[in-house]
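The block underneath contains the structure these notes are about, expressed in structure tokens.
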Amino acid sequence: MIDVARIDYWAASGSGAFHRASVLAKLIFVVLVVAAAVLSRNAQALAAGYGILLVVAAFARLPLLRIAMLSLYAAIFAMLYGISLRGVGLPVYGLVIFKAVTPALAVLMLIVSTPYPRLFSLCSAVLPELPAAGLFMTYRTFFILLDMMNNFIVALRFRAGLVRGHIVKAVANIPRGIAMLLVAAVERSSRLYAVMAVRGYSGSMAEKEPARFARQDWLPLGAGAVVLILVIAWK
Amino acid sequence: MTHMHIPDGVLPVWLWALGFVVMALVMGLSLYRLRGADRRKQVPLLGALSAVMLVAMSLEIVPLAYHINLTVVAGILLGPALGFVAAFIVNFMLALIGHGGITVIGLNTWLLGAEAVLGHTLFSLLGKRLPLFWRAATATVLTLMITTGLLIGIVAVSNANPVAFLEHHGHETGGQEGPISVERFAFMALGLGAVGWIIEAAITGAVVRFIAQVKPDLLRHVLHAGGSAKKGQEAS
């Protein structure tokens, strides 16, 4: 399970240089790193870029080890893709892996340093109302679901629904659990939306994230630019 | 598993750019169709279904490297237009946690959105000929077969780009042939897919049947063949 609750905690509780930078600068940082991954033809250059991002994350007091581990999650799927490549050497496999993990690390640096309301508030400036509202509701409902799922698993264990050696019984309970979660999620989500509507929500965030730069933006903008220049220069 | 976990910079620019263009066009069309609908019902349902899809996708069946999607469930419950919006939200959130590249959001939305649209269409077309469980399960298998074909097609078309980056390493690519073995990829996708389709179909069928029994109003719009959800419940 991807630990979104922990990501949310890091985003809300940190006070490093990345946390103080504007959301706009951090989005540009992600775009620069993605551009570096797209343009890269050299595994070493991208590996160096990944290393630079790790140093920046440590400097900005982001949870270095955790986000480095989470970024490797993208490598698993890149390896699956790599299996279908033929007639290529290790440098190409390395390149595919770093093309996956480097942007993933940049995105993780963005989300562990930016509370979701700020991120979604800026997104809602460019997205139509329904997808923007849907993003916010999905995020909130996801947390409610995580909590409910833990309770559900405990309840299943109490009632011997998840017992070792009884695979058929356990497997039969999974769809019921998902369906129950779905029904409960719809009810909770409707209630949440009603509460938000009573408080004045009408499809957009009450507080808009200003799309302007801050003094602390030098770190994300500089880091993104360095990674991109490095990849372009290192041929 | 009919969305791509392909990293950024592997697919050719024209392909992922086309993915964003198609996504924007279909999204525009979907939002146009939803313009008059009640936001108080749409937004919570959209949020709930997208969140459940996210939870489902984060639970991996380890030996198969497969995860369920629940896109057909989303299509059945939300309808094609809102189902497509849910596909976009899910892909956006997944990209934010490193579960697939950012540049492939468009293509992935296109693939998952196609599952939602096809799932809804096939479920509606199958009508009352089958019990509810088998109706949802059949719609799921057919949908996933078609979208896996689309996925293989995208990978086949994308052969151009790896050639470009391999040339820098001086590898032979075998003349016209690209370095990705489409046959090997198709074999893997269909091999894993066949198992995955059955798992996804069984879960989708059971989820839809459960919802028809517990909260049939969620399914009312697709159980209209007999005039009410109750009839669908009886069919199950």
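The values are calculated or read from the model by the stated rules, or taken from the named source; none is laboratory data. Since we're looking at a predicted model, the values are computed, not measured. When we count neighbours, we look across all protein chains shown, and the Cβ atoms used for this are built from the backbone with ideal geometry, even at glycine.
Would you confirm whether or not the stretch B:153-160 contains a residue that is modelled with pLDDT under 65 and part of a helix (DSSP H, G or I)?
There is at least one residue in the stretch B:153-160 that is modelled with pLDDT under 65 and part of a helix (DSSP H, G or I).
Are there any helices (runs of 4 or more DSSP H) wholly within the stretch A:32-127 with 2 or more residues that are facing chain B (nearest Cβ under 9 Å) and closer than 20 Å to B:MET57 by Cβ, and if so which? Reasoning before the result, please.
On the way: elements: A:43-59, A:64-83, A:90-111, A:116-126.
Because the criterion is at least 2 residues that are facing chain B (nearest Cβ under 9 Å) and closer than 20 Å to B:MET57 by Cβ, the helices (runs of 4 or more DSSP H) in the stretch A:32-127 that meet it are A:64-83, A:90-111.
Out of all the residues in the stretch A:110-136, which are modelled with pLDDT of 85 or more and farther than 27 Å from B:TYR32 by Cα?
The answer is A:LEU110, A:ILE111, A:VAL112, A:SER113, A:THR114, A:PRO115.
I'd like to check something: does the stretch A:31-51 contain any residue that is of a type in the set (Phe, Trp, Tyr), in contact with a Ser or Thr (Cβ under 8 Å, 6 or more places away or on another chain) and either buried (at least 21 other Cβ atoms within 10 Å of the Cβ) or closer than 25 Å to B:ASP8 by Cα (or both)?
If we filter the stretch A:31-51 for residues that are of a type in the set (Phe, Trp, Tyr), which is where we start, we get A:50.
Now drop any that are not in contact with a Ser or Thr (Cβ under 8 Å, 6 or more places away or on another chain), which leaves A:50.
Then drop every residue that is not either buried (at least 21 other Cβ atoms within 10 Å of the Cβ) or closer than 25 Å to B:ASP8 by Cα (or both), which leaves A:50.
Yes; the residues of the stretch A:31-51 include at least one that is of a type in the set (Phe, Trp, Tyr), in contact with a Ser or Thr (Cβ under 8 Å, 6 or more places away or on another chain) and either buried (at least 21 other Cβ atoms within 10 Å of the Cβ) or closer than 25 Å to B:ASP8 by Cα (or both).
Residues of the stretch B:100-126 being surrounded by fewer than 22 Cβ atoms within 10 Å (Cβ to Cβ) and either within 13 Å of chain A (Cβ to nearest Cβ) or not in a helix (DSSP H, G or I) (or both), which ones?
B:ILE105
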